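The values are calculated or read from the model by the stated rules, or taken from the named source; none is laboratory data. Treat the numbers as computed from the prediction; the structure is a model and nothing was measured. Positions of Cβ are backbone-derived with ideal geometry, glycine not excepted, and every protein chain shown enters the neighbour counts. Only protein heavy atoms, including side chains, enter the accessible area calculation; ligands, DNA and RNA are left aside. Shrake-Rupley method; radii C 1.70, N 1.55, O 1.52, S 1.80 Å.
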Amino acid sequence: MKKRFHSQKTVALILAAALLVTPACTLSLFDLPDIELPSQPTEVVVPTPTPLPQAQVTFRVLIPAPLAPNETLAISLLDEVTGLALNPVNFPMQARDLLTYTVTLPLATGAVVKYRYVRMSGGAVQEYTAFQTPIRYRLYYVTGPAETADIVAGWADRPFAGQIGGVQGQALNPDNGAPLPNILVSAGGIQSFTDSAGRFNLQGLPVGVHTVVGYAMDGMYTTFQQGASVADGLNTPVDVRMRPAPLANVTFTVRVPNNTVDGAPIRIAGNLFQLGNSFADLRGGLSSVADRMPVMLKTGEHTYSLTLQLPVGADLRYKYTLGDGFWNAEHKENGEYQVRQVIVPAAGISLEDRVESWQTGPSAPILFEVTVPPNTPAGDIIYIQFNPYGWTEPLPMWPLGNNQWVFKLFSPLNILGSFGYRYCRNGQCGSADDVATMGASPPGRQVATALFEEDIQDTVTGWAWLTISGPTTLVSTPVTARAGTFWTGVEMQSYFQPNWSSYTALALQNIQGIGSNWVVFTPSWTYQRAQPLVFNPVPAADPLWIETTAMVSQARALNLNTAVFPQAHFPSSAAEWWNTAPRDLAWWNLWFDHYRAFAVNYADLAAQTNAQALILGGDWLGPALPNGTLANGSGSGVPSDAEARWQAVLAEVRAHFRGQVLWALPYTAPNLSTPAFLSNTDGIYLLIAGNLSESQNPTKEELAAAAASLMDNGVAPLQSLVTKPVYLAFGYASISGAGANCLPIGNDCPQWPALDQPHPDRPGAGLNLQLQADIYEALMSAVNSRPWVYGVISRGYYPPAILQDKSASIHGKPTADVLWYWYQRFLGIVK
């Protein structure tokens, strides 16, 4: 690393047409160390362009136990644009009695306030739910002078003890009765997202009255608010009614400081989904994703402008930035964070703003320049990631050409001394890293702030998991072309990060380029609790409705056939979750209700996006099938009428989706469980891994014989049994021993998804790209001579970056070349 001081160099930037997105590994907002922040503003927010009408709102809260003599209570108004943990404004509350506290605040009429309560006891102690999880924020919609009542369940250091109930309901458009998916519904700080039928489920609310708020993350529907009384062990029904909001033009014009780097992208960071808000807890306490923020157009010297169509009535919080909502964002001249607010009027509005400063404090900006290796894949964007108190979200750098990238860091340098940084590709820090700083928690390169400008010059000598370049040598083999209904394609990895959406288009072009005619998407929900059962999307871990529909629509625009294969995520492993679940009759009734809602949700999504297939099932569902068993072989206690319940699920799914409905069945030789309800599906999506060789490095001849045996002794009898098409979905990692039933890593017999990014590397597994290619070549050869196979899919595709790692993803690996050869010939594209 080289440093040059007092640099006068002018940076000439050649910007890419569209910069991409940032990753979303999570660091709890509530585990951040204390850091010195700029002094807090005395007002809640500085409105733009003129003061907004305000209303006096009294917040009254009931706490679970009296405060200690040295403690106080405060309401913390949160700034989701900067980061929930980074710019709170705390207002002391006054006691009415030992358990009741109040405060009255002037708030903008039409505002949607995001807040939580903190107990001041030396430091700020965060409020927690009855399930001892941190409250992200509460919502309150300001319609005029009012008093609202809240109940604190517990604190981080004082768990809840009391009675709880829930709120359930449906979000609807009152004008036509249509259900509203993708609506955030909140009560008591607990959040849920509506499914395709508009249903939501909020569990763990202390007994008492709570304010239920329905909030459209993109502002496209009016905000709903209503009180609900919760009783012990019961679910209070609430209908959330929200009308569509018309759109109006909002023109942003901003004058930026003279030291703004000419050509650097000026973005608008905001609290709406379309302005970069992920509504998730991202790394470092941030919520915004830089590459999902709109980029402004330069209209004059130091002047930028952009017109967006935004929903009328939306409470818009925003700021201008050269990075994201935290890094390189605008500040007031006194160093305070700048957050602007406007309630979008029906006639639209033209906002004329001025960035007072990009900098905070006396520290001078730092220019980072990096030269990357020539083998950096074309189209990759280089990111820089900073570590002031923990790794935060990576930021896209600015391209100079000739493998050179720059980023000028202006702020907030006043909270930093010495800090770490690193480079990565496509925002996938922790996966697609510089070899010098690879992994989830490296110390990184080091730099310190100074009173004079610094020019840091670095060279990346190589990228992690990127060593091979050039095409793979293939052996010519005659291939028999199949009918037009034959499947060739890939299945996406089920792990998700919000930044992936910006790389989907390029990934889909690569998938299409190897001859795929199908792509299988794997959206998910998460089982957050088993008792009471909580099963819904978790932002950043699971793609939201709007994110999944966008990805499927992109594939359809490329004329790719699409299948939706919904997955479930678990707090630990699926086997452990099932083992600890109550599994009594009442619980099973709830489980089937939740699964039905899950299946219908994705049936509706598949129908809305014109997907051709919906795939249900999977290897995690074994305990819920007729005569289901747990991982240890014992009975799961599934109800005796499970067969009828699954038949009902399939019937309801078909009422919502007219495309193919397949069932994903794990291949477990020699006995395959084939429930009777499979007769009501259109085919089997057979999940195949292992079953080829226990050898670390089998020969091609051994693999060919094993693949032929698998087809003739496993797949063929299954197809004869179910008398339906069978599509083969293969998952084989790029390691030695990939063909074994139990991968040779550790003692827990992990399966191939354990090697997916961004899971930590398993050093005991030896990277073996060639074995993966040999396995696929053997499988394709076996399929070639068996015309009764209806299609082949490669599982575990990692979309945001080429990685020649140990995972099952074929993106950028020799196996992709193998499939390119076979897929095009199976489809008759190449003779």
Search result, residues across the stretch 650-692 that are hydroxyl-bearing (Ser, Thr, Tyr), open to solvent by less than 60 Å² (accessible area, probe 1.4 Å), more than 30 Å from the chain's Cα centre (by Cα) and at pLDDT below 95: Thr674
Contacts under 6 angstrom Cβ, first residue in the stretch 447-459 being among the acidic types (Asp, Glu), partner surrounded by 14 or more Cβ atoms within 10 Å (Cβ to Cβ) and not in a strand (DSSP E or B), 6 or more apart: Glu453/Ser7; Glu453/Ala364; Glu453/Pro365; Asp455/Ser7
Single condition Gly470 does not satisfy, out of (1) modelled with pLDDT of 90 or more; (2) under 26 Å from Leu803 (Cα atoms): (1)
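Taking the condition touching a helix residue (DSSP H, G or I) at 6+ places or on another chain (Cβ under 9 Å), aromatic (Phe, Trp, Tyr) and in a strand (DSSP E or B), does Tyr527 pass?
Numbers: touching a helix residue (DSSP H, G or I) at 6+ places or on another chain (Cβ under 9 Å): yes; aromatic (Phe, Trp, Tyr): yes; in a strand (DSSP E or B): yes.
When the stated conditions are applied, Tyr527 passes them.
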Pair list, Cβ < 8 Å and 6+ apart or interchain, from the stretch 149-163 residues that are more than 8 Å from Tyr128 (Cβ to Cβ) to residues that are among the aromatic types (Phe, Trp, Tyr): Asp150/Phe59; Asp150/Tyr117; Val152/Tyr117
Any hit, the stretch 358-365, residues being in contact with a strand residue (DSSP E or B) (Cβ under 7 Å, 6 or more places away or on another chain) and outside any loop (DSSP other than H, G, I, E, B): no
Criterion: touching a Lys or Arg at 6+ places or on another chain (Cβ under 6 Å) and on the phi < 0 side of the Ramachandran plot - qualifying residue of Thr360, Thr376, Thr392: Thr392
Residue, nearest to Ala642 (Cα to Cα), within the stretch 595-623, restricted to residues that are modelled with pLDDT of 95 or more and surrounded by fewer than 18 Cβ atoms within 10 Å (Cβ to Cβ): Arg596
Qualifying residue in the stretch 491-510 (condition: at pLDDT 95 or above and part of a strand (DSSP E or B)): yes
Qualifying residue in the stretch 742-762 (condition: touching a strand residue (DSSP E or B) at 6+ places or on another chain (Cβ under 6 Å) and not charged (D, E, K, R)): no
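From Asn173, Asn182, grab the single residue that is in contact with a Lys or Arg (Cβ under 8 Å, 6 or more places away or on another chain), of a type in the set (S, T, N, Q) and over 30 Å from Pro64 (Cβ atoms).
Sole residue among the options that is in contact with a Lys or Arg (Cβ under 8 Å, 6 or more places away or on another chain), of a type in the set (S, T, N, Q) and over 30 Å from Pro64 (Cβ atoms): Asn173.
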Pairs with Cβ under 6 Å, 6+ apart, first in the stretch 335-353 and more than 8 Å from Leu316 (Cα to Cα) and at pLDDT 95 or above, second among the small types (Gly, Ala, Ser) and open to solvent by less than 40 Å² (accessible area, probe 1.4 Å): Gly348/Ala248
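With the condition kept exactly as written, say whether any residue in the stretch 549-557 is assigned to a strand (DSSP E or B) and open to solvent by 40 Å² or more (accessible area, probe 1.4 Å). I'd like the intermediate steps shown before the answer.
Filtering the stretch 549-557 for residues assigned to a strand (DSSP E or B) gives none.
Scanning the stretch 549-557, I find no residue that is assigned to a strand (DSSP E or B) and open to solvent by 40 Å² or more (accessible area, probe 1.4 Å), so the answer is no.
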Selected residue (only one of Asp195, Asp218, Asp239, Asp262 is within 25 Å of Phe407 (Cα to Cα) and not β-branched (Val, Ile, Thr)): Asp262
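Please tell me if Asp434 is in contact (Cβ under 8 Å) with a residue 40 or more places away in the chain, over 26 Å from Glu330 (Cβ atoms) and of a type in the set (Asp, Glu). Break it down stepwise before answering.
Details: in contact (Cβ under 8 Å) with a residue 40 or more places away in the chain: no; over 26 Å from Glu330 (Cβ atoms): yes; of a type in the set (Asp, Glu): yes.
So Asp434 fails the test.
Output the strands (runs of 3 or more DSSP E) that fall wholly within the stretch 263-334 and possess 3 or more residues being more than 27 Å from the chain's Cα centre (by Cα), or say none. Give the derivation first.
Values: elements: 267-270, 297-300, 303-311, 315-321.
Hits in the stretch 263-334: 297-300, 303-311.
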All positions within the stretch 726-755 that are touching a helix residue (DSSP H, G or I) at 6+ places or on another chain (Cβ under 8 Å) and either of a type in the set (A, V, I, L, M) or open to solvent by 30 Å² or more (accessible area, probe 1.4 Å) (or both): Val726, Leu728, Ala733, Ile735, Ala738, Leu743, Ile745
Those strands (runs of 3 or more DSSP E) lying entirely in the stretch 388-484 with at least 1 residues of a type outside the set (Asp, Glu) and within 27 Å of Ala773 (Cβ to Cβ): 418-425
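Does Thr143 fit the bill of being β-branched (Val, Ile, Thr), surrounded by fewer than 21 Cβ atoms within 10 Å (Cβ to Cβ) and assigned to a strand (DSSP E or B)?
Details: β-branched (Val, Ile, Thr): yes; surrounded by fewer than 21 Cβ atoms within 10 Å (Cβ to Cβ): yes; assigned to a strand (DSSP E or B): no.
Considered against the rule, which asks whether it is β-branched (Val, Ile, Thr), surrounded by fewer than 21 Cβ atoms within 10 Å (Cβ to Cβ) and assigned to a strand (DSSP E or B), Thr143 comes out as no.
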Single match in Gln457, Gln497 (criterion: open to solvent by 20 Å² or more (accessible area, probe 1.4 Å) and either touching a Lys or Arg at 6+ places or on another chain (Cβ under 7 Å) or closer than 17 Å to Pro799 by Cβ (or both)): Gln457
Selected residue (criterion: nearest to the chain's Cα centre (by Cα)) from residues of the stretch 398-454 that are open to solvent by less than 40 Å² (accessible area, probe 1.4 Å) and among the hydroxyl-bearing types (Ser, Thr, Tyr): Ser431
Pairs with Cβ under 6 Å, 6+ apart, first in the stretch 763-787 and open to solvent by 10 Å² or more (accessible area, probe 1.4 Å), second of a type in the set (Lys, Arg): Leu767/Lys806; Leu769/Lys813; Asp774/Lys700
Close pairs (7 angstrom Cβ cut-off, 6 or more residues apart or separate chains): in a strand (DSSP E or B) in the stretch 86-101, of a type in the set (D, E, K, R) anywhere: Thr100/Arg60
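Among strands (runs of 3 or more DSSP E) lying entirely in the stretch 152-240, which contain 3 or more residues that are in contact with an Asp or Glu (Cβ under 8 Å, 6 or more places away or on another chain)? Outline the logic, then answer.
Details: elements: 164-172, 183-187, 190-193, 199-206, 208-216, 224-230.
Where strands (runs of 3 or more DSSP E) fall fully within the stretch 152-240 and carry at least 3 residues being in contact with an Asp or Glu (Cβ under 8 Å, 6 or more places away or on another chain), they are 164-172.
Being farther than 23 Å from Val339 by Cβ, among the polar types (S, T, N, Q) and in contact (Cβ under 8 Å) with a residue 12 or more places away in the chain: is that true of Thr133 here? Reasoning before the result, please.
Working: farther than 23 Å from Val339 by Cβ: yes; among the polar types (S, T, N, Q): yes; in contact (Cβ under 8 Å) with a residue 12 or more places away in the chain: no.
Against the criterion (farther than 23 Å from Val339 by Cβ, among the polar types (S, T, N, Q) and in contact (Cβ under 8 Å) with a residue 12 or more places away in the chain), Thr133 does not qualify.
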